Structures are given as C-alpha cells and as structure tokens.
Amino acid sequence: MKQNSRRLSERIGFIPDELADRISNCGEISWQNFGKRIVFYLPGMFTLYGNTGKYPAVSVTGSHCELQCKHCRGKLLQPMLSAKTPQELSELAKKLKAQGVYGILLSGGSTKAGEVPLEPLLPVVPQLKKMGLFVSAHTGFATKQMAERLAQSGIDQVLIDVVGDDRTMREILNLSQGVKLVHRSLDALFSAGLKVIPHIIIGLRNKISGEYNSLNILSNYPVELLVYVVSMPAVAMKNHHPIPISDVIQVITTGREKFPRVEQALGCARPRGEYRYHLEKWAIRAGINRMALWSENSVEQAKKLGLEISYNWTCCSVD
C-alpha cells in the first residue's frame, strides 16, 4: 500500500528533465535579482498552524454573484466577511482595526458585465486609510470610470485576473466579449495610475488555454508583481481534475524568463492535498518570491535551498 502511494505521489509531481533544467535556471535568475529569500503569507481568511492572518477579505455583495463563473459559482465568497453598504463597511473596519488587522481586501461577486460593484463603497476608503489600514480590491474587469474612481479613493492596490483565451472567457467566465475585456480593463487600471497586481489563473479548462498569452499581454504593462493561482476543481466544477503540475510549472518558468526582474508569487487559490506539496516544491525551486498558505514541506524545502525565510500575515500582494 505504501509503495502504491509513493508511486502515485511520484506521478503527481513528475517533472521531465528538460523542465527541471529550466526550473534550476529560473531559480538562479530569481535569486540573482531578488536575493535568496522567500516570504510566506497568511491572508486573513485563513488559520494555519495556529496562526490567523490579519488581512481579511470583505465582500461588498455578501454571498451574491450575478456572473456565476463556472470555476467558482460564488463559493469563494462564502468565507468572506460581508459589508454591502458604506455604513456597514465603516463599522466593520472599526471592529477589525480594534482586533489588530493590518488591512482589508475588498472583493465580492461580479455583475454580468464582469465588474465587482465597488463604487458605492469607495467613499469609505479614505476613512479606512486614516485608520492606518492598507486597502486593496478585486476589481473584476473594471471600466475606465471605475478605474478613475478607484484612483480618486486613494486605494493602495487593485487585483485583476488575467485570462488570455477567448473561449475560456466565454465558456468559463460567462463573458462574451472575450480577451478584449481584459485589455480594456488593464488599460483603464494602469492609465489611472493604480498599482495593479495581475493574477494569472492556470488551468481553468483543465489544460493550458491562454496562460502564455496572458504573459504576453502583461508584457505591455509596467507590472511590479505577478501572482499565479491554479484552478481548484473542488470548488465548483464537477468532473474537473487539476491541471498537471508540470504544465503549471512551465507557465511559472516562462513567466520568470519573460519577467526576470518582476517579483512573482504563488497565490492562495490552488489545489490542496498531495498536489499542493509537489507544486510548492517546484515553485520554490523555480525561484518564486512569495507564497500564500505555505506547508511545512515548503519551509523545509526553502531551508534546504538556503533561502532566508520571513512571514507576513496578509495577502501575498502586500509588501
């Protein structure tokens, strides 16, 4: 039985020799540019090894989502706190500040146009800033007007998912405009002068389907931090298996080769279990600079590589 488990583990984490060489080279590139260090992050929605993050996610739509993307169907909203009105957000922020949080991630379900309806709550952002809170937001695919309002609010950073495949946008995210919606939103957010943290979702269709184009799209913008997340089949999609780890790592190594001087992170959204341990190991070897929701195996891997380790109780997008 143990032998069968070992063989299964080896299959899950299999990396061909050619890719292993690329991983090693990417690790060296990363460590030359950023030093041999890694930061492990714990967002405020999670408790890990007896620690709880200090950066909670707050949904401005509660558990409701109009868009109902097939990879989520609103389930990722369930662990979030809720604040649907400016008054609710103000009161919640006061309570959270008293509890010692460092900041807040504003998020929520999307409209059918693909935008998180943040605008009614943006007047509260200056108040949150006066409290000393760092404030970031999931924007969805923001319009120019939304981007300008976000900038006027003084928000610290915005997070956007970058999908590089028309079919994925239409069939999984239910957005008929396709990739041009991604271009429009990136143009709007960067033009407004916002600090934009793009997230590449790997494996939305259980295979590579536009992830490399996502990297190509981002090469046109002044990206300072790039976050990778991996589609989680257990969340909402039946008969959907995790994309092979080797495919995920190929995207990550390509990202390092294309953006050698951009910090890169493995975000909190990724499959758990045995898959997780192998993915984290290879990502660390490939020189990932930040990782959310680390495992003890990852700490040991970082130590073996001689990396300086530090911890931050926020989203991995926060410095």
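Each reported figure results from applying straightforward, stated rules to the coordinates on display, with no laboratory input. Everything numeric in this text was worked out from a predicted model, so none of it was measured. FYI the Cβ positions are ideal-geometry reconstructions off the backbone, even for glycines, and counts take in every protein chain you see.
Listed values, structure above:
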| quantity | calculated |
| --- | --- |
| Phi-based couplings in Hz for region 254-270 (Karplus 6.51, -1.76, 1.60; Gly and Pro marked x) | 4, x, 5, 5, 7, 10, x, 10, 10, 4, 9, 10, 9, x, 6, 7, 6 |
| Mean separation of Cα contacts under 8 Å, 6 or more apart, over the residue count of region 1-141: relative contact order % | 20 percent |
| Normalised contact order of the chain, rounded percent, pairs of Cα under 8 Å and 6 or more residues apart | 25 percent |
| Anisotropy class of region 182-319 from Cα gyration tensor, a/c 1.5 cut | oblate |
| Across Lys258/Lys303; Lys94/Lys304; Lys258/Lys281; Lys195/Lys258; Lys36/Lys95, pairs whose alpha-carbon gap is larger than 32 Å | Lys94/Lys304; Lys36/Lys95 |
| Three-way shape call for region 47-114 based on the alpha-carbon gyration tensor, with the a/c threshold at 1.5 | oblate |
| 222 nm mean residue ellipticity, helices alone, for the chain (DSSP H n ≥ 4; -39,500 (n - 2.57); rounded to 500) | -11500 deg cm²/dmol |
| Table column - 3J(HN,Hα) (Hz), region 186-202, Karplus curve with 6.51, -1.76, 1.60, x for Gly and Pro | 4, 4, 5, 5, 5, 5, 6, x, 7, 7, 9, 10, x, 10, 9, 8, 9 |
| Inter-part distance where region 106-177 and region 28-102 are each reduced to a Cα centre, Å | 14 Å |
| Overall form of region 1-312 per C-alpha gyration tensor (a/c, 1.5; a/b vs b/c) | prolate |
| Neighbourhood net charge (15 Å Cβ-Cβ; Lys/Arg +1, Asp/Glu -1) for Ile104 | +4 |
| Student exercise, region 1-312 dipole from Lys, Arg, Asp, Glu Cβ charges, in Debye to nearest 20 | 580 debye |
| 3J(HN,Hα) from dihedral phi, region 145-162, Karplus parametrisation 6.51/-1.76/1.60, rounded to Hz, x for glycine, proline | 4, 4, 4, 5, 5, 4, 5, 5, 6, x, 4, 6, 7, 10, 10, 9, 7, 10 |
| Net charge over other residues, Cβ less than 12 angstrom from the Cβ of Leu215 (K, R count +1; D, E count -1) | 0 |
| Antiparallel bridge percentage (DSSP; both residues within the chain; nearest 5) | 10 percent |
